[in-house]
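J.: Take a look at the following structure, please.
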Ligand code: GLN
């Protein structure tokens, strides 16, 4: 009865096929029904959703509308929502109720979207499997014994299960693209600075970037139109003329060049992932693209550099959770030291503590030059590699994740194995580039993602490449069994 993409929903709402209130009610019911299995939502905000839907219907009736008016979505639970608990999936922030909305939330609300809830995630966005949430792991709708990827696993799972057509997410080292790959959804991590970070609970400020997870590139473009733009509340947001990211979606790819880094097709890559990614690339060849092997020699240094820089920044960002200003406060502290120590010991989970230890160590006097400064130099070399590559190619392609969704618990005990999940995504954050993962097929019933990387602020080209593939393939329209309704 109800359409699945934002584009189709938007057209249906304009044609009065159904109202936003009807659609929202239906999706709320579906979300409540499936949340026990998937655990994709930390909170379903029924009351607020229904009143926003009613308002959207009234606005549409008055002719006040954008293409997103009345479209239901969900927000990752690290975007501050005024009056609605925002936890970053941590015990630390279990009862934190923000007094304001994040800029992303404000902009999407102003465009008329209806949020039906806050999605589950790895604690403070640290992880690649969505198993580190204080509220329990999220399950992958393609196989509920498997992880959906992380850290935006809740957003990816609820979109894959078609509980909402799209959700907001964030990507610090892969957290939009990797879960999009593992759930067969379409995820866009924009250029650093494209979207305001104001009101996002910070993990690693020089890497964090918000973006959409949806079921098509076209829907991502529609959401980016509302989410992007300068914000004087975020000093790293970039002032650029407004763009309509849907405008370039029909440009021909004939004569464009795709860079294929040899480092992105290593010998030990899962052969099924490799073959699906290769066959997607062959489709691009058929559309008239030229292929060019490129060299990104610093690829192997991205994970080590990231795991110095991201923990360093997180150790500084999370210092504010001290039981005084923000977050969980322990019972009956004996003195101020005890208050700090016990509040933090009780409030943070293991992975977060591991990152704080690493980061504090890397930033400490005597180690700062050897670790943090060195990692920043490596970061520059990584950025230079991409800049050189983009002199010759329009986009770069490769896998988004090294394997399909793995079993819950499979990598939880081995942080290094988990960190390697981001082998293909992390360098893009270090370089500040935009990247996407789009569905490229299935291996034994589990989705595989093709990663497309664009040049700085060239989301239009990136989205068009994704859209052209989705015009000749239907992987992105597949819905997991049991969630079709
Ligand atoms: N998996 C990476 C990490 O744990 C990236 C997470 C993210 O992008 N938020 O740090």
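The values are calculated or read from the model by the stated rules, or taken from the named source; none is laboratory data. Please read all numbers here as calculations on a predicted model, not as lab measurements. No Cβ is skipped: glycine too gets one built from the backbone with ideal geometry, and neighbour counts run over all protein chains shown.
Conditions (1) away from the ligand (no atom under 14 Å from the Cβ); (2) modelled with pLDDT of 95 or more, marked per residue:
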{"residue": "399", "(1), (2)": "yes, yes"}
{"residue": "415", "(1), (2)": "no, no"}
{"residue": "426", "(1), (2)": "no, yes"}
{"residue": "461", "(1), (2)": "yes, yes"}
{"residue": "472", "(1), (2)": "yes, yes"}
{"residue": "485", "(1), (2)": "yes, no"}
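J.: How many residues does the stretch 1-44 hold that are out of contact with any helix residue (DSSP H, G or I) (no Cβ under 9 Å at 6 or more places or on another chain), within 19 Å of residue 155 (Cβ to Cβ) and either assigned to a loop (DSSP other than H, G, I, E, B) or in contact (Cβ under 8 Å) with a residue 24 or more places away in the chain (or both)?
T.: Looking only at that region, the number is 3.
J.: Moving to a separate point now. Regarding residue 246, is this residue away from the ligand (no atom under 16 Å from the Cβ), under 24 Å from residue 160 (Cβ atoms) and either touching a helix residue (DSSP H, G or I) at 6+ places or on another chain (Cβ under 9 Å) or part of a loop (DSSP other than H, G, I, E, B) (or both)? Can you show your working first?
T.: Numbers: away from the ligand (no atom under 16 Å from the Cβ): yes; under 24 Å from residue 160 (Cβ atoms): yes; either touching a helix residue (DSSP H, G or I) at 6+ places or on another chain (Cβ under 9 Å) or part of a loop (DSSP other than H, G, I, E, B) (or both): yes.
So residue 246 fits the description; yes.
J.: Quick one: would you say residue 32 is surrounded by fewer than 17 Cβ atoms within 10 Å (Cβ to Cβ) and either at positive phi or in contact with a strand residue (DSSP E or B) (Cβ under 9 Å, 6 or more places away or on another chain) (or both)?
T.: Details: surrounded by fewer than 17 Cβ atoms within 10 Å (Cβ to Cβ): yes; either at positive phi or in contact with a strand residue (DSSP E or B) (Cβ under 9 Å, 6 or more places away or on another chain) (or both): yes.
Judged against the criteria, residue 32 is a match.
J.: Another question about this same structure. Does at least one position in the stretch 304-323 carry a residue that is modelled with pLDDT under 95 and over 29 Å from residue 369 (Cβ atoms)?
T.: Checked the stretch 304-323: at least one residue is modelled with pLDDT under 95 and over 29 Å from residue 369 (Cβ atoms).
J.: Of the residues 211, 193, 174, 187, which single one is within 16 Å of the ligand (Cβ to nearest atom), in a loop (DSSP other than H, G, I, E, B) and either under 27 Å from residue 376 (Cβ atoms) or in contact with a helix residue (DSSP H, G or I) (Cβ under 9 Å, 6 or more places away or on another chain) (or both)? Quick ask: steps written out before the conclusion?
T.: On the way: 211 fails: in a loop (DSSP other than H, G, I, E, B); 193 fails: within 16 Å of the ligand (Cβ to nearest atom); 187 fails: in a loop (DSSP other than H, G, I, E, B).
Step by step, each of 211, 193, 174, 187 is checked, and only 174 is within 16 Å of the ligand (Cβ to nearest atom), in a loop (DSSP other than H, G, I, E, B) and either under 27 Å from residue 376 (Cβ atoms) or in contact with a helix residue (DSSP H, G or I) (Cβ under 9 Å, 6 or more places away or on another chain) (or both).
J.: Same structure again: May I ask you to verify whether residue 180 is surrounded by 20 or more Cβ atoms within 10 Å (Cβ to Cβ) and either part of a loop (DSSP other than H, G, I, E, B) or within 16 Å of the ligand (Cβ to nearest atom) (or both)?
T.: Numbers: surrounded by 20 or more Cβ atoms within 10 Å (Cβ to Cβ): yes; either part of a loop (DSSP other than H, G, I, E, B) or within 16 Å of the ligand (Cβ to nearest atom) (or both): yes.
So residue 180 passes the test.
J.: When you check residue 264 against the structure, is it buried (at least 19 other Cβ atoms within 10 Å of the Cβ), modelled with pLDDT of 95 or more, more than 24 Å from the chain's Cα centre (by Cα) and away from the ligand (no atom under 16 Å from the Cβ), yes or no?
T.: Values: buried (at least 19 other Cβ atoms within 10 Å of the Cβ): yes; modelled with pLDDT of 95 or more: yes; more than 24 Å from the chain's Cα centre (by Cα): no; away from the ligand (no atom under 16 Å from the Cβ): yes.
No: the conditions fail for residue 264.
J.: Let me ask something else. The conditions are (1) within 20 Å of residue 466 (Cβ to Cβ); (2) within 12 Å of the ligand (Cβ to nearest atom); (3) surrounded by fewer than 19 Cβ atoms within 10 Å (Cβ to Cβ), and residue 419 fails exactly one of them. Which is it?
T.: Result: residue 419 fails condition (1) only.
J.: Being surrounded by fewer than 19 Cβ atoms within 10 Å (Cβ to Cβ) and within 16 Å of the ligand (Cβ to nearest atom) is the filter here, so list the residues in the stretch 325-350 that pass it. Write out each step before concluding.
T.: Here is the first cut: in the stretch 325-350, the ones surrounded by fewer than 19 Cβ atoms within 10 Å (Cβ to Cβ) are 325-326, 329-342, 345-346, 350.
Once the filter is applied, which keeps residues that are surrounded by fewer than 19 Cβ atoms within 10 Å (Cβ to Cβ) and within 16 Å of the ligand (Cβ to nearest atom), the stretch 325-350 yields only 350.
J.: Let me ask something else about it. Please verify whether residue 169 is touching a residue at least 60 places away in the same chain (Cβ under 8 Å) and within 16 Å of the ligand (Cβ to nearest atom), treating the condition exactly as stated.
T.: Details: touching a residue at least 60 places away in the same chain (Cβ under 8 Å): yes; within 16 Å of the ligand (Cβ to nearest atom): yes.
Judged against the criteria, residue 169 is a match.
J.: Only residues in the stretch 178-207 that are closer than 30 Å to residue 326 by Cα count as the first member; pair them with residues that are in a helix (DSSP H, G or I) and more than 13 Å from the ligand (Cβ to nearest atom), Cβ under 6 angstrom, at least 6 apart or cross-chain, and list the lot.
T.: Once the first residue is closer than 30 Å to residue 326 by Cα and sits in the stretch 178-207, its partners that are in a helix (DSSP H, G or I) and more than 13 Å from the ligand (Cβ to nearest atom) give 190/459; 195/227; 196/103; 198/103; 199/103.
J.: Could you go through the stretch 226-241 and let me know if any residue there is more than 16 Å from the ligand (Cβ to nearest atom), more than 18 Å from residue 106 (Cα to Cα) and buried (at least 22 other Cβ atoms within 10 Å of the Cβ).
T.: no
Residues checked against (1) outside any helix (DSSP H, G or I); (2) within 19 Å of residue 427 (Cβ to Cβ):
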position	(1), (2)
258	yes, yes
263	no, yes
269	yes, yes
276	no, no
279	no, no
288	yes, no
291	yes, no
